[in-house]
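In what follows, a single structure is set out as structure tokens and then discussed.
The values are calculated or read from the model by the stated rules, or taken from the named source; none is laboratory data. The structure displayed is predicted, hence computed values, not measured ones. When we count neighbours, we look across all protein chains shown, and the Cβ atoms used for this are built from the backbone with ideal geometry, even at glycine. Just the protein is used for accessible areas: all its heavy atoms, side chains included, with ligands, DNA and RNA removed. Shrake-Rupley method; radii C 1.70, N 1.55, O 1.52, S 1.80 Å.
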Amino acid sequence: MALRREKICGTFNKGSSAKGARMSIDENTGSLPDVGKAPLIVDVDFVEEEENTALPLNSADVISQPKSGRPLELPLPIVTPAGRARVVTVTNQKGGVGKTTTVINIAAQLGLRGHRVLVVDADSQGNCATGLGVDKSKVKHTTRDLILSPETAVNARHATAVDGVHMIVGDRTLVGLEQEMLRQLGRERRLAEALVPLLPHYDIILIDTPPSLGLVTINALVASDGVLIPVQTEYFALEGLALLAGTIREVRGLLNPRLGVDGVLLTMHAPTLLNQQVANEILEHLPEFVVQPAIRRNIKLAEAPSHGIPIHLHDPNSKGGQDYQGVTDVLEGRWGLN
Ligand SMILES: Nc1ncnc2c1ncn2[C@@H]1O[C@H](COP(=O)(O)OP(=O)(O)O)[C@@H](O)[C@H]1O
Ligand SMILES: [Mg+2]
């Protein structure tokens with residue numbers, strides 16, 4: 001038997017459906033929802049419930065088999081132990097490739113499907129909060145507090161515009177954190193340790209990262225079971241991937257042997273010859289990692305955060321809405337959530 005939270009602010013409901021998703025935006029004015037109406041999560045009740053079963057894989061332990069002789073080696077993922085969240089870092093050292101958009105919309109899709117999701121924003125830009133309808137000015141504890149004072153973990157979580165999705169907010173206070181952490185013992189493991197008490201209470205924890213491979217991103221990778229890599233189908237995409245692959249292998253070798261790559265997402269994909277050629281090249285090198293469909297370039301995805309809601313509340317039938325539903329179908333299977 002495992003412990004899980006039964007109900008926090010009415011947001012955790014395994015059977016929740018699209019109808020259950022809470023639309024907290026004012027439909028007439030399009031203004032940001034007042035996070036004050038979505039109470040801060042401070043009071044946690046626990047009930048006993050049956051353990052989650054392990055990923056329903058056919059093969060012994062791995063999600064897919066590698067092809068030999070690939071120049072770009074990415075480690076394969078392993079199954080999450082039963083009864084605790086899979087922790088997944090969404091990262092790419094390049095900015096503007098769709099990391100934050102991916103975190104917001106996959107988290108929202110999973111919440112909509114009744115999964116218990118926690119988003120941890122480790123980027124000082126703090127854009128996850130905006131995209132999930134959380135007012136940063138009303139937040140007391142942030143990801144910085146989580147890393148420096150792990151005892152704040154439970155109180156740092158906030159309800160969002162989506163049922164079943166909670167988040168720990170990133171903000172400008174993350175700037176300078178890397179310098180401060182340099183003085184601390186076990187600096188690469190701070191986030192991993194802080195997340196431990198939360199693991200039994202979620203199905204998936206998604207970590208958004210800054211556009212760098214610094215200490216905060218290393219903390220996220222050390223805390224994770226899997227990495228999700230959004231790649232824009234533009235020139236130099238493979239060079240960027242090779243650099244990230246090196247970091248992932250290094251973290252795996254030195255700090256976190258269970259770390260694997262859960263997927264490579266092709267983002268901002270347009271039907272140009274260059275986009276198509278780059279997409280084909282990535283597919284050729286990493287066939288078992290690429291998650292289909294590619295996320296098409298779609299203005300609705302860029303608009304949604306300005307309303308404080310994810311795409312499934314803004315325009316679920318847009319190309320962007322359909323594509324994020326498609327990749328969530330695949331990831332739900334890979335993560336054993338369906
Ligand atoms: N598929 C897409 N189509 C159009 N615009 C997108 C798409 N994905 C992301 N964007 C927009 O591109 C910008 C960068 O995306 P973002 O998710 O913030 O990237 P990152 O987190 O990697 O810096 C944002 O303005 C976002 O709204
Ligand atoms: Mg971002």
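The set of residues from the range 121-149 being closer than 22 Å to M181 by Cα and away from ligand 1 (no atom under 14 Å from the Cβ) comprises K140, H141, T142, T143, R144, D145, L146, I147, L148, S149. For the range 108-115, the criterion of being touching an Asp or Glu at 6+ places or on another chain (Cβ under 9 Å), at pLDDT 95 or above, of a type in the set (S, T, N, Q) and away from ligand 2 (no atom under 16 Å from the Cβ) is met by at least one residue. Look at (1) open to solvent by 40 Å² or more (accessible area, probe 1.4 Å); (2) modelled with pLDDT under 95; (3) more than 16 Å from ligand 1 (Cβ to nearest atom); (4) out of contact with any Pro (no Cβ under 8 Å at 6 or more places or on another chain) and you find that L72 fails only one, number (1).
More than 14 Å from ligand 1 (Cβ to nearest atom) and either among the hydroxyl-bearing types (S, T, Y) or assigned to a helix (DSSP H, G or I) (or both): does that describe L198? Give the derivation first.
Details: more than 14 Å from ligand 1 (Cβ to nearest atom): yes; either among the hydroxyl-bearing types (S, T, Y) or assigned to a helix (DSSP H, G or I) (or both): yes.
Criteria met by L198.
Tell me, yes or no, whether the range 277-290 has at least one residue that is surrounded by fewer than 23 Cβ atoms within 10 Å (Cβ to Cβ), under 25 Å from A129 (Cα atoms) and of a type in the set (D, E). No, every residue in the range 277-290 fails to be surrounded by fewer than 23 Cβ atoms within 10 Å (Cβ to Cβ), under 25 Å from A129 (Cα atoms) and of a type in the set (D, E).
Which one of these is touching a helix residue (DSSP H, G or I) at 6+ places or on another chain (Cβ under 6 Å), within 16 Å of ligand 2 (Cβ to nearest atom) and in contact (Cβ under 8 Å) with a residue 60 or more places away in the chain: A129, A122? Steps first, answer last, please.
Working: A129 fails: in contact (Cβ under 8 Å) with a residue 60 or more places away in the chain.
From the options A129, A122, the qualifying one is A122.
Within the range 95-106, is even one residue under 19 Å from W335 (Cβ atoms), out of contact with any Lys or Arg (no Cβ under 8 Å at 6 or more places or on another chain), part of a helix (DSSP H, G or I) and more than 12 Å from ligand 2 (Cβ to nearest atom)? Yes, the conditions are met somewhere in the range 95-106. Among the residues in the range 129-141, are any assigned to a helix (DSSP H, G or I) and out of contact with any Gly (no Cβ under 8 Å at 6 or more places or on another chain)? Looking for residues that are assigned to a helix (DSSP H, G or I) and out of contact with any Gly (no Cβ under 8 Å at 6 or more places or on another chain), one finds at least one in the range 129-141, hence yes.
State whether one or more residues within the range 195-211 are open to solvent by 30 Å² or more (accessible area, probe 1.4 Å), at pLDDT 95 or above and within 14 Å of ligand 2 (Cβ to nearest atom). Scanning the range 195-211, I find at least one residue that is open to solvent by 30 Å² or more (accessible area, probe 1.4 Å), at pLDDT 95 or above and within 14 Å of ligand 2 (Cβ to nearest atom), so the answer is yes. Residues in the range 117-126: is at least one at pLDDT below 95, farther than 22 Å from L241 by Cα and not charged (D, E, K, R)? No, the conditions are met nowhere in the range 117-126.
Scanning the range 300-314 turns up no residue that is out of contact with any Asp or Glu (no Cβ under 8 Å at 6 or more places or on another chain), among the β-branched types (V, I, T) and exposed (fewer than 15 other Cβ atoms within 10 Å of the Cβ). Filter the range 133-142 for residues that are in contact (Cβ under 8 Å) with a residue 40 or more places away in the chain and touching a helix residue (DSSP H, G or I) at 6+ places or on another chain (Cβ under 6 Å); which is least open to solvent (accessible area, probe 1.4 Å)? Looking at residues that are in contact (Cβ under 8 Å) with a residue 40 or more places away in the chain and touching a helix residue (DSSP H, G or I) at 6+ places or on another chain (Cβ under 6 Å), I get V134.
For the range 257-264, indicate whether the set of residues that are over 20 Å from T101 (Cβ atoms), open to solvent by 50 Å² or more (accessible area, probe 1.4 Å) and not basic (K, R) is non-empty. Show your work before the answer.
The initial filter retains those residues of the range 257-264 that are over 20 Å from T101 (Cβ atoms), namely 257-260.
Filter once more, so that each one left must be open to solvent by 50 Å² or more (accessible area, probe 1.4 Å): 257-258.
Remaining after also requiring not basic (K, R): 257.
For the range 257-264, residues over 20 Å from T101 (Cβ atoms), open to solvent by 50 Å² or more (accessible area, probe 1.4 Å) and not basic (K, R): present.
Residues in the range 150-183 that are over 17 Å from S212 (Cα atoms), part of a loop (DSSP other than H, G, I, E, B) and open to solvent by 50 Å² or more (accessible area, probe 1.4 Å): R183 only. Residue pairs whose Cβ atoms lie under 7 Å apart, separated by 6 or more positions or on different chains, with the first residue in the range 94-107 and within 18 Å of E239 (Cβ to Cβ) and near ligand 1 (Cβ under 8 Å from one of its atoms) and the second part of a helix (DSSP H, G or I) and not aromatic (F, W, Y), are K94/G240.
Based on this model, can you work out whether L283 counts as over 27 Å from L112 (Cβ atoms) and without any contact (Cβ under 8 Å) to a residue 24 or more places away in the chain? When the stated conditions are applied, L283 passes them.
Take the conditions (1) part of a loop (DSSP other than H, G, I, E, B); (2) among the basic types (K, R); (3) within 22 Å of I204 (Cβ to Cβ); R189 misses just one of them, which is (1). Only one of the listed residues (G240, G253, G263) is small (G, A, S), more than 16 Å from ligand 1 (Cβ to nearest atom) and more than 21 Å from L148 (Cβ to Cβ). That residue is G253.
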